[in-house]
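First comes the structure, then the notes that go with it.
The values are calculated or read from the model by the stated rules, or taken from the named source; none is laboratory data. Since we're looking at a predicted model, the values are computed, not measured. Reconstructed Cβ throughout: ideal geometry from the backbone, glycine too, with neighbour counts over all protein chains shown. Ligands, DNA and RNA are stripped out before the accessible areas are found, and what is left, the full protein with its side chains, is counted by its heavy atoms. Shrake-Rupley method; radii C 1.70, N 1.55, O 1.52, S 1.80 Å.
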Amino acid sequence: FLLLPAVVSAQQVAIETAASKIDELIYYDSLDEALLQVEAGLENISSKPKNSKEAKHKIKLELHKAYILARKNQISQALQLALEINDQAKRYQLPEYEYRSNLFIETMYEHSSDFKLCRKYLDLAQEVYLNYNLDSIYSVYCVRIASYFRLTNQIDSALMYAQKAK
C-alpha cells in the first residue's frame, strides 16, 4: 500500500518525460519523429479511457498530434482531431483541455479565414475560462483574440488584448 504513490509518481514522471521529448522534437521541426512518438504513446493507452486521468493523458497526446498535423499542413485532419478532443474533454470534465482545444480549433478556422467560426470558438474558450477560473492560461486566449481582431481589422481591440497577453 505504501508503494502505490511512488508507482503513480513514476508513471507521471514517465508521461511528463515523453511529453517533453515530443515538445523538443516539435521545437526542432522533427515533426515525423514527434508524430511517431505520439503514435507510440497513444498505442499504450486504451481507446476508451476509464477515468479522467487516463483521458487527460490521451487528450494531451492527441493535442500534440493535432498540432503536428497542422504544422504538416494537414489542416482538415488536425481540425477533425481537435473537434474530437473537445468532445472528449467535455465528456471527462477536463476544462483546461476543453479550453485548449477550443483555442486550437479557433486557430484552424483563423487560418482558413472563417472568422465566424473562429469567433464562435473564441467565445466558447472564454466561457470555459470564466466558468473554471483558468487564470494561469488566460494569456493564450488573449493572444488568440488579439490575432482575430487584427485579422478582422479591429486594431484597437487587437492592441488591447495583446497588452493583456503580456
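Values for this structure:
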read-out: Cα-based reach from Lys120 at 17 Å (exclusive), listing lysines while leaving out same-chain residues under 8 positions away; value: Lys90
read-out: Relative contact order (%) - criterion: Cα under 8 Å, at least six apart; region: the range 56-97; value: 44
read-out: Helix 115-132 vs. the chain, principal-axis angle (Cα, 0 to 90°, nearest 10); value: 60
read-out: Size of electric dipole in the chain: Cβ of Lys, Arg +1 and of Asp, Glu -1, about Cα centre, debye, nearest 20; value: 320
read-out: Protein accessible area in the chain, 1.4 Å probe - carbon and sulfur %; value: 53
read-out: Helix 31-43 vs. the chain, principal-axis angle (Cα, 0 to 90°, nearest 10); value: 50
read-out: Descending semi-axes in whole angstrom, ellipsoid equivalent of the range 26-105, from the Cα gyration tensor; value: 20, 15, 9
read-out: Normalised contact order of the range 38-132, rounded percent, pairs of Cα under 8 Å and 6 or more residues apart; value: 21
read-out: The chain: angle of helix 138-151 to the longest principal axis, Cα-based, in degrees nearest 10; value: 40
read-out: Computed accessible area, Lys60, all protein chains, 1.4 angstrom probe, square angstrom; value: 50
read-out: Rg/Rg_ref, the range 58-137, where Rg_ref = 2.2 N^0.38 Å and atoms are Cα; value: 1.02
read-out: In nm, spacing of pseudo-spin labels at Leu31 and Asp87 (7 Å Cα→C-beta vector); value: 2.6
read-out: Debye, to nearest 20: dipole size of the range 78-166, +1 on Lys, Arg Cβ, -1 on Asp, Glu Cβ; value: 160
read-out: Alpha-carbon Rg with Dmax, taken over the chain, Å; value: 17.0, 60
read-out: Charge dipole of the range 49-153 about the Cα centre (unit charges at C-beta), most positive-ward option of Tyr132, His111, Ala55; value: Ala55
read-out: Per residue value of the accessible surface for the chain (all protein chains in place, 1.4 Å probe), Å²; value: 60
read-out: Order by protection proxy (mean Cβ within 10 Å, highest first), peptides 46-58, 69-81; value: 69-81, 46-58
read-out: Mean separation of Cα contacts under 8 Å, 6 or more apart, over the residue count of the chain: relative contact order %; value: 13
